[in-house]
Amino acid sequence: MTRNLYLAGPRRFVSLVSAFSLVIGLLAPSARADVLIVDSSGAGDFLRVQHAINAAASGDVILVRQPGATDTGGWVLDGKALTIVGDVPIGSP
């Protein structure tokens, strides 16, 4: 006797779909991006932008609050897809 999973009961069908969705979800890469903070005063995660770039993974965001006097660009990204943004204090032009 052949059993059709759907006709065997809606609960069994839903359980099978849920299990399949769980497996697919576990195999999918994570879309979570980290925010790395650069602040030369020591109030962030890194003192220099290049150090944050080196530690970052593709998709991460680097927030530059206060770059160091010698940290003026020329960074090497090594093919990483990063977003680098500057933090502008309130009241700045």
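The values are calculated or read from the model by the stated rules, or taken from the named source; none is laboratory data. Keep in mind it's a predicted model, so treat the numbers as computed, not measured.
Each residue in segment 22-44 was checked for being of a type outside the set (Ser, Thr, Tyr) and at pLDDT below 85, and 11 pass. On the stretch given as segment 54-77, residues that are among the acidic types (Asp, Glu) and at pLDDT 90 or above total 1.
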